[in-house]
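The values are calculated or read from the model by the stated rules, or taken from the named source; none is laboratory data. If you're wondering where the values come from, they're calculated on a predicted model, not measured in any experiment. We place every Cβ from the backbone using ideal geometry, glycine too, and count neighbours over all the protein chains shown.
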Amino acid sequence: MSHHLVAFDSVSFCYPDGTEALNGVSFRIIHGESVGIVGANGAGKSTILMHMNGYLLPSSGIITIGDLQLTKKTRQEIRRKVGMVFQNPDDQLFMPTVFDDVAFGPLNLGLPEEKVRERVDEVLKIVGCLSLKDKPPHHLSSGQKSSVAIASVIAMQPDILVMDEPASNLDPKSRRQLIEFLKDFEHTKVIASHDLDLILDVCKRCIVIRDGRIVADGLSHEILSDRGLLEENNLELPLSLQRVAYGNDKIMEGERWTT
Ligand SMILES: Nc1ncnc2c1ncn2[C@@H]1O[C@H](COP(=O)(O)OP(=O)(O)OP(=O)(O)O)[C@@H](O)[C@H]1O
Ligand SMILES: [Mg+2]
């Protein structure tokens with residue numbers, strides 16, 4: 001199904017201050033793929049993701065989302081296909097109440113009010129925030145804001161789900177709920193994260209970015225078990241693989257792994 005395609009062809013991007021954040025990035029993500037984007041701070045992960053819904057347009061190269069090439073003209077249409085959870089939930093929440101924020105997208109899609117109410121309840125339940133429905137988003141804790149931002153995107157039932165550090169503020173139970181939701185989400189998903197256990201759990205494929213370039217692109221279980229590659233990129237083995245690598249009795253840096 002080509003409408004779920006995300007393709008970058010030699011994409012470069014330079015911020016207005018002259019920072020070259022992306023340099024010749026090419027990949028092709030097809031329908032139903034789950035792809036993790038990993039790399040050190042400042043590697044270019046958020047910059048890549050912000051191109052996927054046309055929040056940024058490439059300085060050079062071609063981006064294709066579904067059947068459309070990303071341009072100023074097509075970006076509105078592309079945003080209807082691509083649900084984007086930003087790294088900072090404050091960039092996403094701007095309505096007077098949580099309900100209004102989550103309902104905003106579905107109402108814009110033209111769904112009848114009754115249907116929108118049902119959908120808002122459904123997605124707030126998924127992220128465990130139904131009781132916050134009438135609160136102003138700026139009164140929420142950062143984890144609650146992240147959960148509501150995620151709810152506002154999944155309420156749109158996007159063809160392509162793009163998430164930038166979705167679990168960074170979440171408590172363990174909310175993180176687990178998010179992982180279960182993502183595993184069930186059958187369309188294309190792209191997730192940038194430093195939470196390599198989440199990537200390993202949810203994404204079959206993983207792309208490693210360094211200084212705005214792709215340095216590895218392959219199966220997550222291969223890439224995320226490659227200690228040398230990870231260390232070169234300021235990353236570490238996912239915790240679940242560290243236990244396997246060191247064994248449960250090995251003392252590491254003064255800590256004993258518990259079983
Ligand atoms: N608005 C901006 N203006 C200028 N430079 C920027 C801007 N936003 C990001 N950059 C630079 O672009 C590069 C890539 O940043 P980006 O935010 O994509 O990194 P990242 O991989 O998402 O990092 P993190 O893991 O910290 O979220 C960095 O060098 C950053 O300093
Ligand atoms: Mg980022």
(message) Condition check: buried (at least 17 other Cβ atoms within 10 Å of the Cβ), away from ligand 1 (no atom under 14 Å from the Cβ) and not acidic (Asp, Glu). Does residue 32 satisfy that?
(response) no
(request) Just one of (1) buried (at least 18 other Cβ atoms within 10 Å of the Cβ); (2) in contact with a strand residue (DSSP E or B) (Cβ under 8 Å, 6 or more places away or on another chain) trips up residue 59, so point out which. (result) (1)
(request) Scan the range 172-205 residue by residue and report those that are free of Cβ contacts under 8 Å to residues at least 40 places away in the same chain and of a type in the set (Asp, Glu). (result) 180, 184, 195, 201
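In the list 89, 58, which residue meets the criterion of being in contact (Cβ under 8 Å) with a residue 40 or more places away in the chain and closer than 28 Å to residue 130 by Cα? Working first, answer last.
On the way: 58 fails: closer than 28 Å to residue 130 by Cα.
Among 89, 58, only 89 is in contact (Cβ under 8 Å) with a residue 40 or more places away in the chain and closer than 28 Å to residue 130 by Cα.
Within the range 201-216, which residues are closer than 24 Å to residue 148 by Cα and either out of contact with any helix residue (DSSP H, G or I) (no Cβ under 7 Å at 6 or more places or on another chain) or surrounded by fewer than 23 Cβ atoms within 10 Å (Cβ to Cβ) (or both)? I'd like the intermediate steps shown before the answer.
First, the residues of the range 201-216 that are closer than 24 Å to residue 148 by Cα: 201-203.
The answer is 201, and nothing else.
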(message) Going through 18, 39 one at a time, which residue ends up being at positive phi, within 16 Å of ligand 1 (Cβ to nearest atom), of a type outside the set (Ser, Thr, Tyr) and in contact (Cβ under 8 Å) with a residue 12 or more places away in the chain?
(response) 39
(request) State yes or no: is residue 94 exposed (fewer than 14 other Cβ atoms within 10 Å of the Cβ) and over 30 Å from residue 237 (Cα atoms)? (result) yes
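Counting only residues that are assigned to a loop (DSSP other than H, G, I, E, B), closer than 11 Å to residue 22 by Cβ and within 13 Å of ligand 1 (Cβ to nearest atom), how many does the range 44-84 have? Quick ask: steps written out before the conclusion?
Of the residues in the range 44-84, the ones assigned to a loop (DSSP other than H, G, I, E, B) are 44, 53-59, 66-67, 70-74.
With the extra rule that they be closer than 11 Å to residue 22 by Cβ, the set shrinks to 44, 56, 58-59.
Now narrow it down to the ones that are within 13 Å of ligand 1 (Cβ to nearest atom): 44, 56, 59.
Residues in the range 44-84 being assigned to a loop (DSSP other than H, G, I, E, B), closer than 11 Å to residue 22 by Cβ and within 13 Å of ligand 1 (Cβ to nearest atom): 3 in total.
Which of the residues that make up the range 31-42 are assigned to a loop (DSSP other than H, G, I, E, B) and modelled with pLDDT of 95 or more? Explain how you work it out, then say what you get.
Quick first cut of the range 31-42, residues assigned to a loop (DSSP other than H, G, I, E, B) only: 31-33, 39-42.
33, 39, 40, 41, 42 - these are the residues of the range 31-42 that are assigned to a loop (DSSP other than H, G, I, E, B) and modelled with pLDDT of 95 or more.
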(request) Take residue 101 and decide whether it is assigned to a helix (DSSP H, G or I) and within 16 Å of ligand 2 (Cβ to nearest atom). (result) no
(request) Please enumerate the residues belonging to the range 35-56 that are within 9 Å of ligand 2 (Cβ to nearest atom) and surrounded by fewer than 17 Cβ atoms within 10 Å (Cβ to Cβ). (result) 41, 42
